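First the structure, in the form of structure tokens, and then the observations on it.
The values are calculated or read from the model by the stated rules, or taken from the named source; none is laboratory data. Only a predicted model underlies this, so the values are computations on that prediction, with no experimental measurement involved. Methodologically, a virtual Cβ is constructed for each residue, glycine included, from the backbone with ideal geometry; neighbour enumeration extends over all protein chains shown. In case anyone asks, the SASA skips ligands and DNA or RNA and just uses the protein heavy atoms, side chains included. Shrake-Rupley method; radii C 1.70, N 1.55, O 1.52, S 1.80 Å.
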Amino acid sequence: MHVVATAGHVDHGKSTLVRALTGMEPDRLDEERRRGLTIELGYAWTALPSGERLAFVDVPGHERFLSTMLAGVGPVPAVMFVVAADEGWMPQSEEHLVALEALGVRHCLLVVTRSDLADPAPVVAQALARLETAGLGEVEAVAVSGRTGQGLPELRQALDRLVTGLPRPDPAAAVRLWIDRAFSVTGSGTVITGTLPAGTVSVGDELLLAGEPVRVRGLESLKEPRDTVTGVARVAVNLRGHDVPGRGHALVTPGGWTSTDLVDVRVAHVGGLRRESAGLPRRLTVHIGSAAVAAEARPLAGRVVRLRLARPVPLHLGDVLLLRDPGRDRSEMRVLAGASVLDVRPPALGRRGAARQRAAFLEAALLDAALPEAVAPGTAYALRLHRLLRAADLRAMGVAPDTPGTSGEWHADPGHWKDLGRRLVEAVRHYAAGHPLDPAMPIEAARHELGLPDRRLVATLVRPPLTLAGGRIVAGPAGLPERVARAVERLRRDLAARPFHAPDAGRLAELGLGPRELAAAERAGSLLRVGEGVALLPGADARAAELLGRLPQPFTVSQARHALDTTRRVVVPLLEHLDRAGLTERVDEVHRRCR
Ligand SMILES: Nc1nc2c(ncn2[C@@H]2O[C@H](COP(=O)(O)OP(=O)(O)O)[C@@H](O)[C@H]2O)c(=O)[nH]1
Ligand SMILES: [Mg+2]
């Protein structure tokens, strides 16, 4: 099925056309019928000649109901733009068009009605010219009369062509169902209705509404009960409870959206007005879907503006907002601009100059991602902005990752990742220089140094010239040959229980660690040689000094040997190593003490 909204000046014949096309009454309220005026959104549907079902969201044209009009058009991908042949282009024709331009609506059919009252040709020409300058491109036009029915078969054909040209939404997309109506039903909770633009809703689904989980108890589309509905569709959803939020809130897939009250946007002025963002009023109303939310605008630079919303709204990168001036209720310039969402998790801006820098950064990111204004941003763009994101963060921003993560669930901007790799090498070398006795850098220290959120990222960053051994990172002039690295790893296991029990010549031979291999392992920082053929783990010397420090001072070689649970073969060169490192010193022929 498809959904099309109406648009156009009050009294130009929108509701009459919907009635004529569907045989249903879009003006549901008594007051509407009494006054012959649409106040609320109306819903009606029909089958087109192709058999496709088409639902209309009929909007009010009166200037007082612009918010309602926007709530109707907001979630709908296509519009039937109605102009009366006897009146031509009028102020609300203009205002509705400017709104469509701001929202980026690209699918439109022009219907010049009441053509029993006047020749439609001049108005068709006038309206088409205006639609074209608003960026709607090739728009088909049909002249009809809602009263005599003349032209209605042609209109049905044209509607068929309009809906065939609409993009097919993704049935697997995250659901965001903006509520346009909510009512209590005695005994069965609340029913909300809305236009589902994409994705699938099924009975039993758990969705979020204003941050709270809600269960879909029942589902209808065009008054028929359904187990599952796929967008585009009009849907009515039955929820438990009576105090559920109404119009302007959205039912969303958990994890599918970023609920945020702070966004950075790029403003595109509409209606022929091209102003810098500084020209926006500070207080705005932001429209998205069926929502109208008060907001405060802070121009950053150029066309980049930060918006603080009065309440959080579920958003994706690339969403289009409509900015309205709430102070100008009687003016023709109420719709100010369209704004595309550049970031849904913008950083705080502190120092002077930060705003300008931030705007320049966002513009550069857009340029890099080769994003013309209206195209949805992708993973590369999101990573350029945030550098490191979990797959779940990307999904919530509306840019589902198309590649496996750089490290587990983490995705990294390639440039940033390279930079981190370089910084890690530096950090490890710096650490080694500062800890000559214990040169291997603990992963946690590296994580902290690089300001990374997860140790696994550090582990993934370790590659030649870095190597990872026993939870520590060492930098060598070159990585160890695979065979040696494996032998060293086995040696580590030997030494885990008795850290000063250096392997004897037999064990070293068994491991294939000759003098050259030991020297290489030492250069790479994975072993500590305290004497010819006496290999310990990096850090063993510092640990030995610590244990020896607990002995009564001074101490003998034999006391040291006991304290370290090792043999003379090891303890003698180890003590000499400690002397050279300045950790111990000789007192006389047989005694040493710690320094
Ligand atoms: N003569 C004539 N009158 C029409 C036609 N379409 C609508 N009207 C009348 O114009 C008035 C406004 O129509 P309506 O559909 O309520 O306009 P809306 O405000 O755009 O929904 C009503 O009195 C209709 O009867 C038409 O094609 N021919
Ligand atoms: Mg109407």
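Listed values, structure above:
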item	result
Condition check for LEU103: modelled with pLDDT of 95 or more, more than 16 Å from ligand 1 (Cβ to nearest atom) and crowded, with 21+ Cβ neighbours inside 10 Å	no
Of residues in the range 55-65 being crowded, with 19+ Cβ neighbours inside 10 Å and either part of a strand (DSSP E or B) or not aliphatic (A, V, I, L, M) (or both), the one farthest from ligand 1 (Cβ to nearest atom)	ALA55
Per-region count, the range 1-58, residues within 13 Å of ligand 2 (Cβ to nearest atom) and among the aromatic types (Phe, Trp, Tyr)	2
Verdict on GLY146 being within 16 Å of ligand 1 (Cβ to nearest atom) and in contact with a Lys or Arg (Cβ under 9 Å, 6 or more places away or on another chain)	yes
Residues (open to solvent by less than 40 Å² (accessible area, probe 1.4 Å), farther than 16 Å from PRO197 by Cβ and either modelled with pLDDT of 95 or more or not in a loop (DSSP other than H, G, I, E, B) (or both)) located in the range 243-266	THR258, THR260, LEU262, VAL263, ASP264, VAL265, ARG266
Selected residue [more than 23 Å from VAL112 (Cβ to Cβ) and part of a loop (DSSP other than H, G, I, E, B)] from PRO49, PRO75, PRO26	PRO75
Test for ASP180: is it assigned to a strand (DSSP E or B), exposed (fewer than 15 other Cβ atoms within 10 Å of the Cβ) and touching a residue at least 24 places away in the same chain (Cβ under 8 Å)	no
Members of the range 225-240 found to be surrounded by fewer than 16 Cβ atoms within 10 Å (Cβ to Cβ) and closer than 17 Å to THR190 by Cα, listed by number	PRO225, ARG240
Residue check, ALA544 within 26 Å of ARG455 (Cβ to Cβ), open to solvent by less than 40 Å² (accessible area, probe 1.4 Å) and either assigned to a helix (DSSP H, G or I) or without any contact (Cβ under 8 Å) to a residue 24 or more places away in the chain (or both)	no
Residue in the range 151-171 that is more than 16 Å from ligand 1 (Cβ to nearest atom), free of Cβ contacts under 8 Å to residues at least 12 places away in the same chain and farther than 24 Å from GLN92 by Cα present	yes
Strands (runs of 3 or more DSSP E) contained in the range 293-412 and holding at least 3 residues surrounded by fewer than 16 Cβ atoms within 10 Å (Cβ to Cβ)	304-315
Residue in the range 209-219 that is touching a residue at least 60 places away in the same chain (Cβ under 8 Å) and either surrounded by fewer than 20 Cβ atoms within 10 Å (Cβ to Cβ) or assigned to a loop (DSSP other than H, G, I, E, B) (or both) present	yes
Verdict on LEU70 being part of a helix (DSSP H, G or I), at negative phi and either away from ligand 2 (no atom under 13 Å from the Cβ) or free of Cβ contacts under 8 Å to residues at least 60 places away in the same chain (or both)	yes
The lone exception for ILE473 - which of (1) open to solvent by 60 Å² or more (accessible area, probe 1.4 Å); (2) in a strand (DSSP E or B) it fails	(1)
Scan of the range 9-21 for residues that are within 6 Å of ligand 1 (Cβ to nearest atom) and in a loop (DSSP other than H, G, I, E, B), ordered by number	VAL10, ASP11, HIS12, GLY13
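For (1) more than 14 Å from ligand 1 (Cβ to nearest atom); (2) open to solvent by 10 Å² or more (accessible area, probe 1.4 Å); (3) not hydroxyl-bearing (Ser, Thr, Tyr), each residue gets a yes or a no:
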position: ARG28; (1), (2), (3): no, yes, yes
position: ARG35; (1), (2), (3): no, yes, yes
position: ALA47; (1), (2), (3): yes, yes, yes
position: ARG53; (1), (2), (3): yes, yes, yes
position: SER67; (1), (2), (3): yes, yes, no
position: GLY72; (1), (2), (3): no, no, yes
position: ALA99; (1), (2), (3): yes, no, yes
position: LEU109; (1), (2), (3): yes, no, yes
position: THR113; (1), (2), (3): no, no, no
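A quick yes/no check of all residues on (1) open to solvent by less than 10 Å² (accessible area, probe 1.4 Å); (2) away from ligand 2 (no atom under 16 Å from the Cβ); (3) within 17 Å of MET80 (Cβ to Cβ); (4) in contact with a Gly (Cβ under 9 Å, 6 or more places away or on another chain):
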residue: ARG130; (1), (2), (3), (4): no, yes, yes, no
residue: GLY137; (1), (2), (3), (4): no, yes, yes, no
residue: ALA141; (1), (2), (3), (4): no, yes, yes, no
residue: LEU159; (1), (2), (3), (4): yes, yes, yes, no
residue: ALA173; (1), (2), (3), (4): no, yes, no, yes
residue: ARG176; (1), (2), (3), (4): no, yes, no, yes
